[in-house]
Amino acid sequence: MEVELERNPLWLILVETVHALPMYPSHKAYVRDILILEHPRISVEELSLRLDIPLGEAMVILHEIEEKIETLTNGEENDA
């Protein structure tokens with residue numbers, strides 16, 4: 001699904017819009033530092049409901065966090 005998102009021409013517009021939201025950095029930090037550790041398989045819909053944020057913001061946050069986790073995981077595997 002992630003590849004489908006990135007191929008959609010509206011994805012970049014959604015990301016740009018979400019990054020402009022005033023609470024976005026705080027929401028992303030909370031999800032990254034606390035919520036994802038407690039609920040690693042949280043869905044976009046559940047995140048949206050728990051934080052009372054737009055679905056698009058939840059999509060972008062989870063996408064960016066998953067990208068970061070994959071990058072770190074791949075880096076550690078290559079170091080071993």
Exercise for review: Taking only Cα atoms and a 10 Å spring cutoff, compute GNM fluctuations for the chain and point out the largest among 13, 36, 61.
Suggested key: 13
Review point. Along its principal axes, what span do the Cα atoms of the stretch 2-79 show, with the longest given first and each in whole Å?
Key: 37, 30, 20
Review point. Given +1 on the Cβ of Lys and Arg, -1 on the Cβ of Asp and Glu, and no further charges, what dipole in debye does the chain carry about its Cα centre, rounded to the nearest 20?
Key: 280 debye
Check your understanding: If we count other beta carbons within 10 Å of each Cβ, what is the order of 59, 23, fewest first?
Key -> 23, 59
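Every number here is computed from the coordinates shown, using simple stated rules; none is lab data. From a predicted model like this one, the values you see are computed outputs, not experimental measurements. Every residue, glycine as well, gets a Cβ built from its backbone with ideal geometry; the counts of neighbours run over all protein chains shown.
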